[in-house]
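Every read-out reported here was derived from the displayed coordinates using simple, explicitly stated rules and does not represent laboratory data. The model shown is predicted, which means the values in this text are computed figures rather than measured ones. Counting neighbours? That spans all protein chains shown, and the Cβs are built from the backbone with ideal geometry, glycine included.
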Amino acid sequence: MKKVSIIYWSNGGNVEVLANAITEGAKEAGAEVLIKHVADAKISDITEADSVALGSPSMDNNRIEQKEMEPFVNEFKLLPNGNKKLVLFGSYGWDNGAFMQEWSNRMKDYDFDVIGELAVKESPDQDELDLAKEFGRKLAE
Ligand SMILES: Cc1cc2nc3c(=O)[nH]c(=O)nc-3n(C[C@H](O)[C@H](O)[C@H](O)COP(=O)(O)O)c2cc1C
C-alpha cells in the first residue's frame, strides 16, 4: 500500500477543498493517506511518504503562502528528495497561476518529479475537483 502525504495551507477553504478531493482519489486507489495543514506537518511526513501533494494559495504578491508554507518548502532545498512523485495544487485570485509555475520549477530544482499541477481561480469547479481526484489516484500508483 502506497503512503501518500497531502500537506496544504488554506485560510478561506479553497485549497482545503482541493486537498480533500486529492485525498478521496488516493484513498479510492488504495493508498494510505496522511492529510495535514502545514502548521501541523513535519518534514518526516514528506520524507517517509512514497508520494506527496503540496497545496497553497497565491499570497503576498503572487507567491506561495509565506509564513508557514514557504519555510516548510524551503526545508527540502538541501534534502535528497530522490525524484519523489509530487502534485502541486492551489488557488489564486488574480495571478492566473503564475505562482504555480514558479513553484513547480522550484520543486523540480529540488529533485521532485512533478507529475501534476493544478491552480484554480478562487473555488474549484467540478472539472477541477475531478482533476484533483485524478491526481490523487496517480499518487497512489
Ligand atoms: C491576504 C491575501 C493575499 C492574497 N494575495 C494574492 C496574490 O498575491 N495573488 C493572487 O493571485 N491572489 C491572492 N489572493 C487570493 C487567494 O489566493 C485566493 O483567494 C485563494 O482562493 C485563497 O485560498 P484559501 O481559500 O484556501 O485560503 C490573496 C488573498 C488574501 C486573503
ask   = Residue by residue through region 18-27, which ³J(HN,Hα) values in whole Hz follow from phi under the Karplus form 6.51 cos²θ - 1.76 cosθ + 1.60 (θ = phi - 60°), with glycine and proline marked x?
value = 5, 4, 5, 5, 4, 4, 4, x, 5, 5
Hydrodynamic radius (Kirkwood) for the chain, which is based on Cα pairs only, to one decimal in Å = 14.5 Å
request  = Taking the Cα centre of the chain as origin, sum charge times position over the Cβ atoms of Lys and Arg (+1) and Asp and Glu (-1), and report the length of that vector in debye to the nearest 20.
outcome  = 340 debye
inquiry  = Among 94, 123, 54, which residue has its Cα furthest toward the positive end of the charge dipole of the chain, with +1 on Lys/Arg Cβ and -1 on Asp/Glu Cβ?
reply    = 54
key: Farthest positive-ward along the chain dipole, Cα basis, beta-carbon charges - from 4, 82, 33   = 82
request  = Output ³J(HN,Hα) for region 91-99: one whole-Hz value per residue in order, computed from phi by the Karplus curve 6.51 cos²θ - 1.76 cosθ + 1.60 with θ = phi - 60°, and x for Gly and Pro.
outcome  = 9, 9, x, 8, 8, 6, x, 4, 4
ask   = Mind checking the dipole of region 35-96: about its Cα centre, +1 per Lys or Arg Cβ, -1 per Asp or Glu Cβ, Debye to the nearest 20?
value = 160 debye
ask   = Which aspartates and glutamates have a Cα less than 12 Å from the Cα of residue 3, not counting those fewer than 8 places away in the same chain?
value = 32, 45, 48, 50, 141
request  = Among DSSP beta bridges whose residues both lie in region 3-139, state the antiparallel percentage, nearest 5.
outcome  = 5 percent
